[in-house]
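**Q** Just passing along the structure, written as structure tokens.
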Amino acid sequence: MTEQLIDYWKTHKEIRFEEFAGKAGRIINARLLAGSDLLNGIVELAKKYQVRAGIVTVCFGSLSKAEIRRSERTKEGPRGTKRATPQTIEGPISFLSAQGKVGIPRTGEPVIHMHGVIADTNGQVYGGHLFPGENPTFSTMDLVFQEIEGIEFAKIADPETNSELLRARW
């Protein structure tokens, strides 16, 4: 079944998407200081500026440790993949780059979804999904995120994946 699904996506030609157009808003430049959690720090900045939808465009620095998760191929699940068990990498860690979305919706909890690339002290490179509360800044973390005006991000049920995802809405 897994190979069938993977082969289907390799040859599938239909273009499907959902979109919400906003316009460029404020650009927030910040530096998280030692001990500050990366994702929780970004959420706190979004709260301070009441950013309903924002994109993290620049993010680099160092972490004391990182918790990261990747996808794995499997025969379970509708798409032939599953979420792997999170992996903790002890630091200090070079945080090379990240991209993500953050939002403070009018109703509901703040949301953040980030993927990053890190390197351990041996130069081994890892990449994947990052978790709030599990990525403390070692020295500093420089970041820039931009507001998208006219939309907001929130956790919304996604019928394609049968789970709640960070999605846009008006």
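**Q** For the stretch 31-54, which positions are in a strand (DSSP E or B) and buried (at least 16 other Cβ atoms within 10 Å of the Cβ)?
**A** Our first condition is that a residue be in a strand (DSSP E or B); within the stretch 31-54, this holds for 31-33, 37, 54.
Selection gives 32, 37, 54.
**Q** Related question: Specify which of the listed residues (91, 128, 150) is at positive phi and more than 17 Å from the chain's Cα centre (by Cα).
**A** Working: 91 fails: at positive phi; 128 fails: more than 17 Å from the chain's Cα centre (by Cα).
Just a single option satisfies the conditions, and that option is 150.
**Q** Follow-up. Contact list please: Cβ distance under 8 Å, first residue in the stretch 130-151 and under 28 Å from residue 169 (Cα atoms) and small (Gly, Ala, Ser), second residue modelled with pLDDT of 95 or more and open to solvent by less than 20 Å² (accessible area, probe 1.4 Å), pairs at least six apart or on different chains.
**A** As it stands, the answer is 133/39, since those pairs meet every condition given.
**Q** Contact list please: Cβ distance under 6 Å, first residue in the stretch 29-43 and closer than 12 Å to residue 135 by Cβ, second residue hydroxyl-bearing (Ser, Thr, Tyr) and assigned to a strand (DSSP E or B), pairs at least six apart or on different chains.
**A** Cβ pairs passing all conditions: 32/137; 36/137.
The values are calculated or read from the model by the stated rules, or taken from the named source; none is laboratory data. All values reported here derive from a predicted model rather than from experimental measurement. FYI the Cβ positions are ideal-geometry reconstructions off the backbone, even for glycines, and counts take in every protein chain you see. Keep in mind that these areas ignore ligands, DNA and RNA; they rest on the heavy atoms of the full protein, side chains included. Shrake-Rupley method; radii C 1.70, N 1.55, O 1.52, S 1.80 Å.
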